[in-house]
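Only one structure is covered here, and it is reproduced in the block below.
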Amino acid sequence: MLVLDMDGTLFDTSARWYECEKISRGDKKTLSWTPNRVFWECYQSPRFMNLDKPKWEVIEFVKQLIEEKEPEVIAVVSGRSEKQREATLKQLSAIGIEPNEVMLRGEKDFRKDHEFKRDVVRRLREKYDQDKVIVVDDSDAVLEYLKEEEGIETIDAKKIKGERKGNMNILL
């Protein structure tokens, strides 16, 4: 099974982040700004998702991984909101990735990303009876938590650069 993240992994969402940051700050220019309710409502909506840019070096790596390892199951597990499902599916289609499952965060799910993803990956492993899993994510916390699970190999999307050729020597 191959598990992929969206924001920061397959897509650069910095332009969306910036637009939502401007909205939530209004005219205030503070050095100690932290995301607030207005920011998260904006960021977790489809409003500015058209600004997301594909991270082609990661996408090509993932496509090569799929071609070489032929995983039985491809799942996207993202902290994105269910409100973003339609736009997320369009983005995945546009980059040529067709997962078996797209698992997004429910409207009332406020768990930390690593808790949410660990729970979802466990449920998917059980549903599809998968012993070996590769997770591609950009979150250090998610990677650390999932790395502790038996049979899970993690790949830090931040470390994927340029083309990969040859045998990837990864579980699956």
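Here, each number is a calculation from the coordinates, and none is a lab measurement. Bear in mind the structure is a predicted one, so any value in this text is a computation, not a measurement. Using ideal geometry, Cβ is built from the backbone for each residue, glycine included, and neighbour counts are taken over all protein chains shown.
In the structure shown, do any of Lys63/Lys90; Lys53/Lys108; Lys55/Lys112; Lys63/Lys132 have a Cα-Cα gap over 22 Å, and if so which?
Lys53/Lys108; Lys55/Lys112
Which chymotrypsin sites (Phe, Trp or Tyr not before Pro) in the stretch 39-139 sit in a loop by DSSP (not H, G, I, E or B) and have at most 11 other Cβ atoms within 10 Å of their own Cβ? Write out the running numbers ahead of the final one.
Numbers: sites: Phe39, Trp40, Tyr43, Phe48, Trp56, Phe61, Phe110, Phe116, Tyr128; in loops: Phe48, Phe110.
Filter output for the stretch 39-139: Phe110.
Need one number: nm distance between label points at Glu41 and Glu107, each 7 Å from Cα along Cα→Cβ, rounded to one decimal.
1.3 nm
Can you give the net charge of the other residues whose Cβ lies under 13 Å from the Cβ of Glu144, counting K and R as +1 and D and E as -1?
Once positives and negatives cancel, what remains is -4.
Once every Cα of the stretch 75-169 carries one equal point scatterer and solvent is ignored, give the base-10 log of I(q)/I(0) from the Debye formula at q = 0.24 Å⁻¹, two decimals.
The calculated log intensity ratios at q = 0.24 Å⁻¹ are -1.45.
Would you mind listing how long the stretch 1-158 runs along its three principal axes, going by Cα atoms, in whole Å with the largest first?
51, 29, 25
Taking only DSSP H segments of four or more residues, each worth -39500 (n - 2.57), what value at 222 nm results for the chain once the sum is divided by all its residues, to the nearest 500 deg cm²/dmol?
Result for the chain, helices only: -12000 deg cm²/dmol.
Could you check the spin-label model distance between Glu150 and Glu115? Points 7 Å from the Cα along Cα→Cβ, value in nm.
2.6 nm
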